[in-house]
Each structure stands twice: as structure tokens, then as C-alpha cells.
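The values are calculated or read from the model by the stated rules, or taken from the named source; none is laboratory data. Quick caveat, the model's predicted, so the values are computed rather than measured. Backbone-built Cβ (ideal geometry, glycine too); neighbour counts: all protein chains shown.
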Amino acid sequence: MSPKSSHQSNFEQTGEQGGRPRTGAAGALTSRPEGFPAVLRSPRVVYHSAWLVLIPAAALGFLYTWLFGVNIPWAEDWTTAVELYQHYIAGTLTFSELWKGNAEHRIFFPYLAMLGFDLLDPVNVLFYIYFQVSLLLVALSIYIYVFTRSFPSRAALWLMAPVALLMTSWRQSETLFWANCLGVVMGYVSAIATIFFLCFITDRRRLWPFAAAAVAGFVASFSFSAGLFTWPIGLLQLVFLPVSRRLKINLTLAWTALGVVAWFLYFYHGQVRPATNPPLCYSPHFFLVLLGSSVVQDENTGQLVGGLLLLLAAVAVGLVAVRRQWGRYLFWLGVMAFSLLCSASATVVRGGWGVPPTGVPPHYATLVIPLIIATYVILVSQAQERASGALWWVVGVLLGVVALCFYQSEVGEYHKGQGLNDLYRYQVYILRTLDTQPEAAMQAFVNTNHDYVRNGAAFLKEHHWSVYAPGSDGDRYAPLDPALPTLPQTTDFHIDGVSQLEGNAGYAVSGWAVDSLHQAPAGGVYLVVDGQDYPVFCELPRPDIADKFHDPSLEHCGFQRLLPPRLLPPGRHRLGLKILTHDRQALLNMPNGFDIDVK
């Protein structure tokens, strides 16, 4: 390694004169080799135009959340975000509540972040999710910074376009709409920040980078269990840092001591892993599928892609090892090691369940994508340095496979997002009408303890938060305004019938309604039972009605309402409808209804 002045960080351009390659840690490569593609030696305008691609690519995560996100707790959010704020409001929030385990994880710092956002807008899960996406962009900024310090040509920034696309790819759909993934994202980004700060340590600049790395290491450790790997990875970084021997020994001892403290505190209260989880095991098949799940949904394809990624990562490490360039690629090797350790630990902890029918959960993709990024950057840097056409072909293979799988997974996750958005909106409807819903309606809250949902919903309703907040999506199911005018025009509708739910658990009333005045689906429907209004969930797909009226815009005009047995006891009842115009500004003229006999 070339001599390095003591006042320069490991990202600075350092080296010898005479046009020879100059090296530093964390991927610093500042010579201009002859083999570098001509397009990347273009004028400065090429550099600035790269941002026209990077910024929209990085914004894809925000777009996904904006398109499909709904301000409603999902699954474990009821036992983290909602329950946490319940303790805060009740004055029963203690350090033990913040410190307690969540599965294998301790999410102390994500809890603090949730509380901070709750002080701004209580239990608004969209705040958490947008924060998660913002953190992913922080990691992207770190990658871009290190990358740009590694290449002499500013126009090489174009090579970061695939990285920007991967960072907020929709394959991470759970990360982009599930608030409970905050721990995963905070742990991942803090780990990357730890590796990043350690690369700033020099003989003169020894304190603040070390302190910043230590703080980031503790945040990573107590946000997500895999964050504990930052300590052994950081220890290896310190061994290869180009600093004086005495400083290296002191920093290594200090880092080791801090790591021991972090691991001790993490396991101080005993094993936090739930007893209901499968026994620890290692499944090579699950491991490869997990790696491939970063860009593909299918299990078989995922295994092939995972094997290819592992092979290319080995090639990248081999190229570094042949020339003993550990210091030069210190940052990227640390990122690669962290991603592999996360995948291996997830395999040991979750592999006993096997690959679910729906594929590996998308939030794992967030932890595997860094492996692809680090492998890609090392291969690109090596291809550039060696002026190797063969290595550029290898880079092309990696990009080609990732691009093909990326496109397929993005399309799949888009449709998945649409389905989840429909489910979220239905859950909003159930919560806003919970007092008049049968128990069967709670089946909409999949993988969730229904008691937690009912308890949390009562808390949110009491304080008018989340789906009960004024101006939220739940306002569609508020009681009708008595001052709402009734238009003289009639409209087209039909009640398909009243069916009994399985086990005599209640009744389902379904049908369709349109706003014939505006040739659009009805803006809202209320079922009238014995003179009492009950909001109905609309916008269900009815392609038969669209075909009937030869109007595709009417496809989502179906509705359904579940009723508990107490609202339709045995006897005669009168049913009717109140239908809102598409803009919800008036009621349409309706007949008086009809009678039914319930046995």
C-alpha cells in the first residue's frame, strides 16, 4: 500500500507521482487507467446528467409508499407502535418496555424513533415508513460518496444508477409499507454507517470517527439482532487500517471492549428468541433462496440467482486477495461481510420453517441487496483498474441477471402492493365500523392477534388517532351528514341477496351500485336496516357490471356489508340503501326498500 500522510482520511486521494495507481482504504482508486470506457471520460455535463437518473431511481421507494401505503397499523405494529404509545399515554412506559425483546431482536432505538414521531402525529405509521425509506437513501448517499472517491472520472457516477434502483427497489415491499421493519432498516443503515466511519480513522483524525462508529454500532446492535455483527466486522477493519501500530492496538482494544459490552447487554436478560420458533438449523437451500430473494420472488429461480450472486461475490473477493488490496476495498468488503452474515443468521434462525409458499419475506431483500452492491462495485473497480474486457463481461452478466429479475419482481410487487392496499383499506373500514361488525370480519387482520387489534382500536378511537383521525381515510365511513342534499335523479343498483355466514356467525349483504348521473361508481353506500344506517365497503370488483353497461370505469362498483346476528334477529326486517354521488356531495334518490324474513 502506498504511503499515506497522517492528516488524510482513508477516502482521500493518496499515492505516488508519475501517473502510477494511487490507493487508499475503502475503495480509493484515483488513477485514470487507459482501459476506462471512453463515455466515462466525457465532459462534466455527463456527471450532472447522471443525477437525472439517480434521483428518480432513488425516489421509487417513496413512490411505492405513496401509491399503496395506508395509515393503519399492520400485523406486529399493533404490539409495537400502538402498544408502546398506549404505555406512554397511560404513564406506564418504563425502560423495561423499551428494552424488551421483539422476537430475536432488541429494538430499543426504533422504539425511541417511534415515540419521537408519535409526539408529532400519534401512531401515524406512514411517518415511520417514510422515515425508513429516507434511511435507505442515507445508505445510498454513503455508497455514492465512497464510490465517487474511488474513481477519477466524475462521469463514472453513471455506474451508480443500478445501485440507486436497487436501494429502494419494490422487492423490499414490506420495508416500504410495514412500520415494524423500522428495526431492520435502522440496524442495517447504522451498520453501514459504522463501517463507513471507521474508514475515516487516521493518525491525526482518531477520535471523532471512532466515536461516531461506536455510537452507530450500538444503534445497530439495539435496533436489529444482526447489528451485533458490526463489532467483529469493525475489528477486522481496524486490523487493516493504514495507521500507526500503537494507535491500531489502542483502537482495537477499545473496540473489542465496546463490542463485549454490547453483546453482554444484548443477552443480559437471557435468550430473547421465542420458544415457538423452530430449532436453530442451517439449510444451504434456504440460504441460496434467501440471497436470490433480493431480486426475485420464485423459489427455484431464487436458488439459481442466489448461487450466482455467491459465486460472483467469491470472484470479487478473490480478485482483491490476489493483489492483497484489502485496505483499498475495506468499506465494500465490510458491507459484503455484513450482508452475508445477516443472510447466514437469518438462515439459522428462520431456516427451520423452510421457504414459505409465498417466498422469502420481502424485508430480507433489504439485507441482501448490499451484497449485490458491494460485489458490483468491486468488480467494476477491478475491471477498470485491470482494463479487463473479461471482467467487464462479468459485470455485464451480473447487471443482466439483476435487471431481468428486477423487472419481473417489480411488476409482481406492484400488483402485490395493489392487493395489500385493497386489504389495508378494507381493514380501515372494519376498524371504523368495528362496533357493528361480526367476529368473522376480524379475519381481515391476518397474522394478528384479534384481541390486540380490538384493544388497540379502542385506544386509537378514544384519542381520535390513526384511522379515527379527522381527515383520514376512515372518514368515508363516518355517519352521514343530515344536511346532505338528496338529488331527484335515481340510479342503477342491485342487492344480490342476504346470505348467512358459516356457523351462524352473522350475515353478508352484497350487491353493486353506480352513480348513473356521472357514469361512475357510487361514492359511498349505506345499508339501511330497520331505519338505521350502516356504512358499506365499496369499490369491490364487478367486471360483469362493467360489461353490462359497456363501461370499464364501472368495474369497481361492488359492495358488501357484514352484520352480526344481533342486528338481524329472527323476524321481519326492512332493508334499503342510501347511495352517494361519485363526488360524495349528495345522495341519489332511492326507493323505500324491501322486507326480508330472517329465521
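Considering L587, L567, L563, the condition of being within 13 Å of L487 (Cα to Cα), surrounded by 12 or more Cβ atoms within 10 Å (Cβ to Cβ) and within 43 Å of the chain's Cα centre (by Cα) is satisfied by L587 alone.
I want to confirm something. Restricting to the range 201-211 and keeping residues that are surrounded by fewer than 21 Cβ atoms within 10 Å (Cβ to Cβ) and not in a helix (DSSP H, G or I), which single residue is modelled with the lowest pLDDT? Here the answer is R205.
Can you spot a residue in the range 378-401 that is surrounded by fewer than 19 Cβ atoms within 10 Å (Cβ to Cβ), at pLDDT below 90 and farther than 28 Å from A321 by Cβ? Scanning the range 378-401, I find no residue that is surrounded by fewer than 19 Cβ atoms within 10 Å (Cβ to Cβ), at pLDDT below 90 and farther than 28 Å from A321 by Cβ, so the answer is no.
Can you confirm whether the range 212-233 contains a residue that is surrounded by 15 or more Cβ atoms within 10 Å (Cβ to Cβ), in contact with a Cys (Cβ under 6 Å, 6 or more places away or on another chain), assigned to a helix (DSSP H, G or I) and of a type in the set (A, V, I, L, M, F, W, C)? Yes, some residue in the range 212-233 is surrounded by 15 or more Cβ atoms within 10 Å (Cβ to Cβ), in contact with a Cys (Cβ under 6 Å, 6 or more places away or on another chain), assigned to a helix (DSSP H, G or I) and of a type in the set (A, V, I, L, M, F, W, C).
Taking the range 58-87, which residues are surrounded by fewer than 19 Cβ atoms within 10 Å (Cβ to Cβ) and part of a loop (DSSP other than H, G, I, E, B)? A59 - this is the single residue of the range 58-87 that is surrounded by fewer than 19 Cβ atoms within 10 Å (Cβ to Cβ) and part of a loop (DSSP other than H, G, I, E, B).
Just give me the residues in the range 357-414 being more than 17 Å from the chain's Cα centre (by Cα), aliphatic (A, V, I, L, M) and over 25 Å from C342 (Cβ atoms), in sequence order. Hits for the range 357-414 are A383, A387, A390, L391.
In this structure, is Y507 in contact with a Lys or Arg (Cβ under 8 Å, 6 or more places away or on another chain) and either farther than 27 Å from H363 by Cα or assigned by TED's automatic domain parsing to the domain that holds P543 (or both)? Taking the combined requirement at face value, the residue does not satisfy it. Scanning the range 96-109 finds one or more residues that are buried (at least 18 other Cβ atoms within 10 Å of the Cβ), modelled with pLDDT of 90 or more and assigned to a helix (DSSP H, G or I).
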